[in-house]
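Heads up: the structure comes next, in structure tokens.
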């Protein structure tokens, strides 16, 4: 191509809009003992993305709460889990939010073995509130989980929210 020929994108292009500035503010996930309703949020004047960071170096843990709850709940982010789960004991505290499934679900582990917790019979749909002030509606399958992380947000949540994840720092932005 000669220097006199126009090239697409230089002479025949559409003007691009001015850049949008996005500020990122990091929030360490609060202590589970901090009341959920007292999370300090910054006053924001521009489009802002808030980063949530795991307090654990071994697992991707966030703290969330349900509307009306006073404390945060340890929540494991697990990309190897296809759906979202809530522990039976925690779900039982919200009897009006859970629903009987039309068909039982046998829960298999990655090795193909069934869990000792039995079939999943109910799900629970509720909004959850993150430390950055964002709220999302999430559906959980109810099953027996370890008390240290009574909620697991799986691949369904990751796809729905589509956060930017920094695996090195175990933090995410959405």
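Find how much the distance from residue 59 to residue 147 grows on full extension, using 0.36 nm per residue of separation minus their present alpha carbon separation; answer in nm with one decimal.
Contour length minus Cα-Cα distance gives 30.2 nm.
Annotation: the residues 143, 71, sorted from fewest to most other C-beta atoms within 10 Å of their own C-beta, follow the order 71, 143. Here the extension length gained between residue 104 and residue 137 equals 9.6 nm, from 0.36 nm per residue of separation less the Cα-Cα distance.
Could you tell me the calculated FRET efficiency between residue 79 and residue 121, based on Cβ-Cβ distance and R0 = 22 angstrom, to the nearest 0.05?
Details: r = 26 Å, r/R0 = 1.16.
The value I calculate is 0.30.
Each reported figure results from applying straightforward, stated rules to the coordinates on display, with no laboratory input. Just so it is clear, the structure is predicted and the values come from calculations on it, not from any experiment. All Cβ positions, glycine included, derive from the backbone under ideal geometry; neighbour counts span all protein chains shown.
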